[in-house]
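Below is one structure, written out as structure tokens; comments come after it.
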Amino acid sequence: MSSANPYQSLENGKPGRIGCRIHYFEELDSTQQTARALAAEGAAQGTVVIAERQTAGRGRLGRSWHSPAGVNLYATTILRPPIALAEVPRLSLMAGVAAAQALEREAPGLVTLKWPNDVWLKGRKCGGIIAEALTNSGQELDCVLLGIGLNLNLDEGDIPPELRDKATSLRIAVGRPCDRIAIANSLFTLLDYRYMEIVTRGFAVVRPQWERFSALTGKRVTVVDGARRETGVVRGIDAEGALLLDVGNVVRRILAGDVSLEGAYD
């Protein structure tokens with residue numbers, strides 16, 4: 001752990017609230033792995049792990065996450081929500097709203113969300129979210145590792161050539177460097193608010209905010225889930241976070257899958 005934690009001032013010391021304790025590292029395999037170990041040791045809800053660089057950063061479905069040092073925000077928060085295991089995916093949607101609102105303050109009108117867990121700026125991915133459920137011996141939910149990665153001060157040249165038509169950063173989108181600490185502060189504050197909201201009032205209260213940022217509503221997409229493939233027009237999400245896909249004669253509830261938006265990167 002680094003002795004100089006630039007995020008120290010954001011640690012609020014409030015048990016159960018996001019940012020109650022912030023662990024900072026200059027380099028980790030992944031914040032998810034370190035948070036998993038801390039959770040197993042009994043770390044309190046709201047504990048956050050931040051790394052300047054990840055050597056084995058992973059996104060949804062085990063995909064690699066490009067993680068250069070010193071420019072972005074890579075954080076995992078330990079949550080212990082009183083919800084059923086099946087409800088965990090809704091936390092990634094909730095976190096998407098918090099991330100979008102935090103970025104919107106720096107890039108008004110440029111932020112959108114792509115179901116289920118991508119954050120976009122000007123139609124390109126600038127962030128991803130993963131809600132990893134850990135269960136106890138009885139296969140009941142023990143805790144959730146909520147990982148958020150945001151490209152903040154990444155330069156165009158820092159993005160691998162094969163990703164430049166799909167990935168971006170806040171700096172690229174707005175044409176100036178940003179204050180990572182200030183954005184992290186906004187993110188954790190909003191995340192705490194939205195999390196408490198979803199725990200006390202349910203996902204339905206967050207749904208309108210997610211819909212406001214939706215990049216897919218009204219667009220024709222193809223959803224791939226294993227061998228299953230469906231094409232239709234997105235009608236939004238329902239009160240439980242499922243994607244609503246109009247396939248012509250019926251609106252289907254999509255609970256999981258990769259979504260390909262036609263013309264997304266044109």
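The values are calculated or read from the model by the stated rules, or taken from the named source; none is laboratory data. Keep in mind that what you see is a predicted model, and the values were worked out from it rather than measured. For neighbour counting, all protein chains shown are included, and Cβ atoms are generated from backbone atoms with ideal geometry for every residue, glycine included.
Scanning region 164-182 for residues that are closer than 24 Å to Ser9 by Cβ and touching a Leu at 6+ places or on another chain (Cβ under 6 Å) yields a total of 4. Determine, yes or no, whether Val223 is under 25 Å from Leu146 (Cβ atoms), modelled with pLDDT under 95 and out of contact with any helix residue (DSSP H, G or I) (no Cβ under 9 Å at 6 or more places or on another chain). In short, yes.
The set of residues from region 7-39 being among the aliphatic types (A, V, I, L, M), within 18 Å of Ala133 (Cβ to Cβ) and in contact (Cβ under 8 Å) with a residue 24 or more places away in the chain comprises Ile18, Ala35, Leu38, Ala39. Val119: in contact with a Leu (Cβ under 8 Å, 6 or more places away or on another chain), at pLDDT below 95 and among the aliphatic types (A, V, I, L, M), yes or no? Spelling it out, it is not the case that Val119 is in contact with a Leu (Cβ under 8 Å, 6 or more places away or on another chain), at pLDDT below 95 and among the aliphatic types (A, V, I, L, M). Considering region 1-45, the residues that are surrounded by fewer than 16 Cβ atoms within 10 Å (Cβ to Cβ) and of a type in the set (Ser, Thr, Tyr) include one that is modelled with the lowest pLDDT, namely Ser2.
Those residues that are assigned to a helix (DSSP H, G or I) and either touching a helix residue (DSSP H, G or I) at 6+ places or on another chain (Cβ under 9 Å) or not assigned by TED's automatic domain parsing to the domain that holds Gly96 (or both), I need them from region 153-170; list them, please.
Matches in region 153-170: Glu156, Leu170.
Would you mind stating whether Ala133 is assigned by TED's automatic domain parsing to the domain that holds Tyr193, farther than 23 Å from Ala39 by Cβ and either of a type in the set (A, V, I, L, M) or free of Cβ contacts under 8 Å to residues at least 40 places away in the same chain (or both)? Considered against the rule, which asks whether it is assigned by TED's automatic domain parsing to the domain that holds Tyr193, farther than 23 Å from Ala39 by Cβ and either of a type in the set (A, V, I, L, M) or free of Cβ contacts under 8 Å to residues at least 40 places away in the same chain (or both), Ala133 comes out as no.
So that you can scan it fast, the table gives a plain yes or no per residue for (1) more than 15 Å from the chain's Cα centre (by Cα); (2) crowded, with 22+ Cβ neighbours inside 10 Å; (3) at pLDDT below 85:
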residue	(1), (2), (3)
Val49	no, yes, no
Ala56	yes, no, yes
Leu73	no, yes, no
Thr77	no, yes, no
Arg80	yes, no, no
Leu85	yes, no, no
Arg90	no, yes, no
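When region 166-183 is examined, which residues are found to be over 25 Å from Leu261 (Cβ atoms) and basic (Lys, Arg)? If the condition is that a residue be over 25 Å from Leu261 (Cβ atoms) and basic (Lys, Arg), then Arg176, Arg180 are the ones that fit.
For region 182-190, the condition of being under 11 Å from Met94 (Cα atoms) and assigned by TED's automatic domain parsing to the domain that holds Ile50 holds for at least one residue.
Name the residue that is surrounded by the fewest Cβ atoms within 10 Å (Cβ to Cβ), counting only residues in region 101-144 that are polar (S, T, N, Q) and in contact with an Asp or Glu (Cβ under 6 Å, 6 or more places away or on another chain).
Restricting to residues being polar (S, T, N, Q) and in contact with an Asp or Glu (Cβ under 6 Å, 6 or more places away or on another chain), the top hit is Asn136.
Among the candidates Gly147, Gly96, the residue that is crowded, with 24+ Cβ neighbours inside 10 Å, in contact (Cβ under 8 Å) with a residue 60 or more places away in the chain, in a strand (DSSP E or B) and not β-branched (Val, Ile, Thr) is uniquely Gly147.
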